[in-house]
Amino acid sequence: MLALLIGQAAVGQKKKVELSAHLQPSVFAVTMVMIHDVVNPPAASRFYTYCLMGAYEIVAQNNKQITSPTQFIRSIDPITITAAPAYNYQIAALYSILETGRLILPSGYMLEEDQKKLIINLLREGHKQQTIDAAVAAAQEVAKKIAANAATDGYLKLSTRVRYRPQKGDAYWFPTPPGYMEGVEPHWKTIRPMMLDTCSQFPPKPPVEFSKDTASAFYKLTKEVYEVGKNLNEQQRFIASYWDCNPFAINTSGHMSIGFKKISPGGHWMNITGIATSKAGLDLDKGIMVHALAAATLMDAFISCWDEKYRSSRVRPETVITRMIDQKWQPLLQTPPFPEYTSGHSVISTAVSEVLTFLLGDNFAFRDDTEVIFDLPTRDFKSFRQAAEEAAISRLYGGIHYRDAIENGQTQGRQIGQFIVEKLKSSGVKPAI
């Protein structure tokens, strides 16, 4: 029995705690393992989705007011739970988040400590050992089936695909300093989407055509990145750093290179989701639903964006500027190791902001503390859409995207988000508040 692991740790004053209080820490535990593993942005969104999907299905099976994900996600089948005929479904849902992460994350074993802590807290709050054991058994069964489902989405085949080589020509992406890393997830478009029909369902407008002509539209886009980067004010610098979300930035000093691990763009929005559901006072069932839908939206938005990135394979501003304008210029942010068009943060932030706006309302003000662990202050936003707008323009301030990649990425993300919202509505999903 897992509860026996903590024995007398549960002895003492029992206090009434809502189970919803354990949701954000459980998701954050998954985040911390991904930071440790330096999981890239598209893959992070996938891990979040599967970790939450089992919890969502458990809740939906036991709360008829919550629409099952099987109603709008074709790849998810209803899960029959046989391990525990009677179990506390909310405890099972919480535990399944950690258990699924344990099974599918590279360093998933690290979540075993979080599982033990959860059990200790539940016992201290007055839940009986027998109740916890039954819930854990149900969660383990669900997590195993979710992990099996995840194994069929194409992820395990990525390493077997032909190694990506940058296209030849000045118009195309080429690895950038300081790491000159290979392109991240060039075959991500082959991953099975959650709610989109195909990876190419919402293609953006073609990027402005590459040109060395100083009178061309492309040169003007490039010059804008250069000039903005040279004349950033303090607020713009802060915004760029706030939304950096680079899972592995490399700082160099002489011959020494030091890597810094940070949260992914999807991880930032998952934390915002947790902040918002807590502020809204949602119960655990609705909180899990909102988290799962945000994660699935992020996953699909990354699939759509990465489909375009490796189709157009557009060169980054840093490469063009150092070749054509100023050899010594450097962007404020480290250029991510994948093609430029469209802007990933613009696509995914806009998409998830549309879904969160549907679920929690427009003009939902919140204080974002995501970057506090990276020594940045909290930041206040009046709405999810305002936060998404700032995340998008931060890429221009950071010197890593042209304006058309940002604006067309926002359009792409908005189309994805609105499509998902309509799909949720037609499946019976209602706003959480």
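The sole residue among 309, 382, 328 that is within 19 Å of the chain's Cα centre (by Cα), among the charged types (D, E, K, R), assigned by TED's automatic domain parsing to the domain that holds residue 225 and modelled with pLDDT of 95 or more is 309. Residue selection: residue 125 fails the criterion of being surrounded by fewer than 17 Cβ atoms within 10 Å (Cβ to Cβ) and out of contact with any Leu (no Cβ under 9 Å at 6 or more places or on another chain). For the range 403-432, the candidate set comprises residues that are closer than 26 Å to residue 243 by Cβ and among the β-branched types (Val, Ile, Thr); within that set, the residue that is surrounded by the most Cβ atoms within 10 Å (Cβ to Cβ) is 416.
Scanning the range 193-219 for residues that are assigned to a helix (DSSP H, G or I) and buried (at least 16 other Cβ atoms within 10 Å of the Cβ) gives 218, 219.
Conditions (1) touching a Cys at 6+ places or on another chain (Cβ under 8 Å); (2) closer than 29 Å to residue 261 by Cα; (3) modelled with pLDDT of 95 or more, marked per residue:
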| site | (1), (2), (3) |
| --- | --- |
| 34 | no, yes, yes |
| 44 | no, yes, yes |
| 61 | no, no, yes |
| 79 | no, no, no |
| 102 | no, yes, yes |
| 110 | no, yes, yes |
| 116 | no, yes, yes |
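Just to be sure, is residue 377 modelled with pLDDT of 95 or more, out of contact with any Gly (no Cβ under 9 Å at 6 or more places or on another chain), within 24 Å of residue 274 (Cβ to Cβ) and surrounded by fewer than 16 Cβ atoms within 10 Å (Cβ to Cβ)? Don't jump to the end; show me each part of the working.
Values: modelled with pLDDT of 95 or more: yes; out of contact with any Gly (no Cβ under 9 Å at 6 or more places or on another chain): yes; within 24 Å of residue 274 (Cβ to Cβ): yes; surrounded by fewer than 16 Cβ atoms within 10 Å (Cβ to Cβ): yes.
Yes: the conditions hold for residue 377.
If only residues of the range 145-192 that are in a loop (DSSP other than H, G, I, E, B) and among the small types (Gly, Ala, Ser) are counted, the one that is surrounded by the fewest Cβ atoms within 10 Å (Cβ to Cβ) is 169.
The set of residues in the range 205-240 being more than 21 Å from residue 407 (Cβ to Cβ) and either at pLDDT below 95 or not polar (S, T, N, Q) (or both) consists of 212, 213, 215, 230, 234, 237, 238.
The values are calculated or read from the model by the stated rules, or taken from the named source; none is laboratory data. Every value quoted in this text rests on a predicted model; they were computed, and no experiment measured them. Heads up, the Cβs are rebuilt from the backbone with ideal geometry, glycines too, and the neighbour counts pull from every protein chain shown.
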